[in-house]
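> I'd like to ask some things about the structure below.
Computed from the coordinates by the stated procedures, all read-outs in this text should not be read as laboratory data. Source: prediction; values computed, not measured. A quick note on method: Cβ atoms are made from the backbone with ideal geometry, for glycine too, and the neighbour counts reach across all protein chains shown.
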Amino acid sequence: MAFVPGQPVTAVVQRIEIQKLQQGEHLILGFSIGGGIDQDPGQNPFSEDKTDKGIYVTRITPGGPADVAGLMMGDKIMQVNGWDMTMVTHDQARKTLTKKKEDVVRLLVTRKSLEDAVKHSKGCYPRK
């Protein structure tokens with residue numbers, strides 16, 4: 001999903017709510033991220049055109065909070081608890097996701113299968 005920085009984005013999104021898991025002093029989400037405006041998009045395996053500097057889910061811990069909530073590898077994170085994630089550095093995204101005061105993380109994500117389903121449904125049901 002490519003877009004021009006600073007321009008409005010139209011995306012099919014899914015809401016995912018992750019309850020952090022307490023492990024000692026740490027709150028665990030159970031996933032890793034890649035990407036950011038400070039990273040090389042050519043190294044991102046989920047960027048289709050190798051120009052997308054968005055934040056992507058790169059790893060899911062099986063059975064962890066993110067897995068249980070339905071997050072998937074390759075999901076593009078559009079928002080975290082209402083904060084826009086489309087133009088942030090990798091470190092800004094990490095800090096937003098791991099705030100210690102928040103037990104729950106509410107994400108808006110998009111994924112290729114969501115976009116494909118909408119495109120398919122539009123093709124099957126033409127408007128009159």
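> Summing +1 for each Lys or Arg and -1 for each Asp or Glu, what net charge is found among the other residues whose Cβ lies under 11 Å from the Cβ of Gly30?
Values: positive: Lys20, Arg59; negative: Asp67.
Summing Lys and Arg as +1 and Asp and Glu as -1 gives +1.
> Next up: Calculate, in nm to one decimal, what Met73 and Thr58 gain on full extension: separation in residues at 0.36 nm each, minus their alpha carbon distance. Could you put the intermediate results ahead of the total?
Values: separation 15, 0.36 × 15 = 5.40 nm, distance 0.55 nm.
Additional length available on full extension: 4.9 nm.
> Grab the other residues whose beta carbon is less than 13 angstrom from that of Gln79, score K and R as +1, D and E as -1, and report the net.
On the way: positive: Arg15, Lys76, Arg106; negative: Glu17, Asp75, Asp84.
Neighbour charge sum, excluding Gln79 itself: 0.
> Can you pull the one-decimal nm distance between simple spin-label points at Gln14 and His26, each 7 Å off the Cα toward Cβ?
Label at Gln14, label at His26, 2.6 nm between them.
> Give a quick list of trypsin sites (Lys or Arg not before Pro) in the range 21-63 that DSSP marks as loop, anything other than H, G, I, E or B, with at most 15 other Cβ atoms within 10 Å.
Lys50
> For the pair Asp84 and Asp38, how long in nm is the line joining their label points, each one 7 Å along Cα→Cβ?
The modelled label-to-label distance comes out at 1.9 nm.
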